[in-house]
Amino acid sequence: MSLGILLAVLAGLLYGILSLAYKYAERVKARSAQFTFVLSLVAGIETLLKSFTEQSNWGEPLLWIAGTGMGIVIVAGIYVIMAANRLGPVYSAWTMVNVSFLFAIFLSALLLGDKLVCSDPFNLLLFGLTLYLFVRGMRAGATKRRVRESVMHLLALLGVFVTNGLATFGSKLKYTFFAEANTSAYATVFYFVSAFITMMLLLRHRRAPLITKNELKAGALGGLCISTATILFLSAMALPAAAVFTITQGMSLTSGVALTTLIGKERMNVWMVLGLIIGAIVLVAVVFRERTAAWICGLAAL
């Protein structure tokens, strides 16, 4: 096994453990602002230390502008993930996180002029089917109150898809603006902006205790996982991008679902299982979108 493959596998596993941090936060009823603050602060400190080993242009205005925008997206993204986790199983939100770069593809086409391929509408339909199956699973045998919650769960999952897609698009902008420079510096800015925003929320709505021990543990675990996984993921990019995405996202989805189901004791029914299967198909189809497009276009030409 090459070093690049090993790094991609480890990154995927750490992203999977991140889903367990979200599950732990949901179980101990961690408040969104407190969890986000600790996660962002820990992640920001780690990426700051890493930035001193790389080319970091701290005086670049665009670094701070783009980083601030990403910090706002990070806060929104974590909030909607936690909302989705309160309304339904963690693995459903985690599936949305892992297929959300489909949204980034459409944003790149709209704003950066990237070319869409004929498989993209097909992938979008599969994504819609995944959402339907998750919501159908939530509604199976549900009371009227639970039916209302399933609608809220649907909206939360859409929020997870959009915000995490925006975060992926923001990562793409990093390479558009800075190429190989500012990798950890960019992450440092948006994590500290996220920490600052949530700190202001904490101070505005001060309640005792300000941060509980369980919120500290959940946020610290999440911060260590997300920052270390991101560093490993970027280090693995010496491999072809398609290979890195396949390994990392595949490991992230499967390990995240396995951990939240086995350790988190989350229940599954046939609709949820089908949703996970279709979500995995979407993941593979998006990662290999060029090959999928060639196959679909070939069938359409027959």
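The values are calculated or read from the model by the stated rules, or taken from the named source; none is laboratory data. These numbers were taken from a predicted model, which means no experiment stands behind them. Note that each Cβ is placed from the backbone with ideal geometry, even for glycine, and that neighbours are counted across all protein chains shown.
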- [ ] Go through the stretch 55-143 and tell me which helices (runs of 4 or more DSSP H), entirely inside it, have 1 or more residues that are surrounded by fewer than 23 Cβ atoms within 10 Å (Cβ to Cβ) and in contact with a helix residue (DSSP H, G or I) (Cβ under 8 Å, 6 or more places away or on another chain).
- [x] 61-87, 101-111, 120-139
Task: Residue in the stretch 238-246 that is surrounded by fewer than 23 Cβ atoms within 10 Å (Cβ to Cβ), modelled with pLDDT of 80 or more and either out of contact with any Cys (no Cβ under 9 Å at 6 or more places or on another chain) or of a type outside the set (Ser, Thr, Tyr) (or both) present - done: no
Task: Filter result for the condition that a residue is over 21 Å from the mean Cα position of the chain (by Cα), at pLDDT 90 or above and under 29 Å from Leu87 (Cβ atoms), over Lys213, Lys217 - done: Lys213
Task: Among (1) assigned to a helix (DSSP H, G or I); (2) farther than 16 Å from Ala66 by Cα, the one test that Ala185 misses - done: (2)
Task: Whichever residue in the stretch 152-185 is among the β-branched types (Val, Ile, Thr) and in contact with a helix residue (DSSP H, G or I) (Cβ under 8 Å, 6 or more places away or on another chain) and, among such residues, is modelled with the lowest pLDDT - done: Thr168
Open item on the list: Against the condition buried (at least 23 other Cβ atoms within 10 Å of the Cβ), touching a helix residue (DSSP H, G or I) at 6+ places or on another chain (Cβ under 6 Å), modelled with pLDDT of 95 or more and not in a loop (DSSP other than H, G, I, E, B), how does Gly44 come out, does it pass?
Closed with: yes
Task: Pairs where the first residue, in the stretch 273-302, is farther than 16 Å from Phe161 by Cβ and surrounded by 14 or more Cβ atoms within 10 Å (Cβ to Cβ) and the second is modelled with pLDDT of 75 or more and of a type in the set (Gly, Ala, Ser), C-beta under 7 Å, 6+ apart - done: Arg289/Ser119; Thr292/Ser119; Thr292/Ala285; Ala293/Ser119; Ile296/Ser119
- [ ] Please specify each residue of the stretch 1-28 satisfying the condition of being in contact (Cβ under 8 Å) with a residue 60 or more places away in the chain and part of a loop (DSSP other than H, G, I, E, B).
- [x] Ser2, Val28
